Amino acid sequence: MTVESFQTADGVRLHLDDAGGAGAPVFFQHGLCGDAGQTREGFPPEAGLRRLTLEMRGHGRSEPGALSRLSIATFTDDLIAAIERLGAGPVALGGISMGAAIALRLAVLRPDLVRGLALVRPAWVLERAPRNMRPNAEVGELIAAHSGEEARGLFEAGGTARRLALEAPDNLASLRGFFAREPLSVTSALLRAISVDGPGVAAEAVARLRVPTLVVGHERDVVHPLAHAKALAALVPGAAMVEITPKAVDRARYVADLHAALSRFLLELPR
């Protein structure tokens with residue numbers, strides 16, 4: 001595996017995680033406050049494809065740059081620059097959660113760079129600041145106002161933690177991890193900025209997409225509602241919708257199901 005870094009036009013050093021190999025390139029993007037480890041787990045190694053993940057500003061080994069520039073639009077521009085820099089387009093493109101929003105935006109803005117689109121556990125349909133992102137925003141606000149330990153204590157005593165413990169324990173585990181994600185100032189900025197953001201594309205533009213599309217979702221997920229996946233699949237012409245085992249039920253089965261869905265879709269894409 002090779003890792004390449006490059007500098008954006010505004011001077012931010014980003015890291016590209018490249019699984020290498022002779023297979024067709026697939027850019028597969030991580031979620032909010034995630035990194036290439038998330039996409040490495042979710043991507044099917046048996047497919048013989050070359051997975052690439054650009055770690056977004058403030059994620060993984062990438063620098064954050066100006067916190068005021070953290071947005072889905074900026075992340076999309078960075079990904080476009082990475083694809084063009086490698087001369088890799090058109091590529092299969094996908095992502096998990098925030099990565100799905102970035103992939104959707106890129107496909108609408110630059111359809112010439114995309115030959116297939118895989119949207120996994122989308123946290124947005126099209127609107128900004130959806131209700132399901134409020135737990136992330138809540139954690140970001142607590143971290144901004146308190147020390148990490150105090151912020152977590154306040155969160156654990158609140159209604160969101162109690163609700164998620166019953167409805168979506170996997171979401172709760174992710175949120176708990178944010179209180180120890182350093183630097184906390186960047187984590188807070190990301191959670192607050194991205195939670196009120198959105199893909200920034202219109203339904204009419206999505207309806208004009210003419211690219212093979214897979215949408216993957218599952219139940220028992222408050223932050224990534226299955227209804228969002230179904231709504232996106234209905235918006236994109238000809239999109240296939242696949243429901244898989246929830247992480248909260250069986251993580252190993254979730255990974256196996258995701259690998260199978262992605263492998264079938266990616267290997268059937270026209271070259």
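The values are calculated or read from the model by the stated rules, or taken from the named source; none is laboratory data. As the structure is a computational prediction, the values presented were derived from the model and not from experiment. In this analysis, Cβ positions are derived from the backbone assuming ideal geometry, glycine residues included, and neighbour counts consider all displayed protein chains.
For the range 42-60, the criterion of being over 21 Å from Leu104 (Cα atoms), of a type in the set (Gly, Ala, Ser) and in contact with a His (Cβ under 7 Å, 6 or more places away or on another chain) is satisfied by at least one residue.
Residue count for the range 1-22, restricted to those that are at pLDDT 90 or above and not in a strand (DSSP E or B): 6. Screening Arg208 with (1) loosely packed, with under 15 Cβ neighbours inside 10 Å; (2) modelled with pLDDT under 95 gives one miss only, at (2). Looking across the range 44-79, the residues that are in a helix (DSSP H, G or I), crowded, with 17+ Cβ neighbours inside 10 Å and in contact with a helix residue (DSSP H, G or I) (Cβ under 7 Å, 6 or more places away or on another chain) come down to Ala47, Ile72, Phe75, Thr76, Leu79.
For the condition touching an Asp or Glu at 6+ places or on another chain (Cβ under 9 Å) and either farther than 20 Å from Val216 by Cβ or not hydroxyl-bearing (Ser, Thr, Tyr) (or both), what is the one hit in Gly42, Gly31, Gly60, Gly20?
Residue meeting the stated conditions: Gly60.
Number of residues in the range 173-212 that are over 23 Å from Met56 (Cα atoms) and touching a Leu at 6+ places or on another chain (Cβ under 8 Å) equals 7.
Against the definition (in a helix (DSSP H, G or I) and free of Cβ contacts under 8 Å to residues at least 24 places away in the same chain), how does Leu166 come out, yes or no?
For Leu166, the condition - in a helix (DSSP H, G or I) and free of Cβ contacts under 8 Å to residues at least 24 places away in the same chain - is met.
Test Pro212 against the stated conditions and say whether it is in contact (Cβ under 8 Å) with a residue 60 or more places away in the chain and over 17 Å from the mean Cα position of the chain (by Cα). Taking the combined requirement at face value, the residue satisfies it.
Here Gly89 meets the list (1) in a helix (DSSP H, G or I); (2) free of Cβ contacts under 8 Å to residues at least 60 places away in the same chain almost entirely, failing just condition (1).
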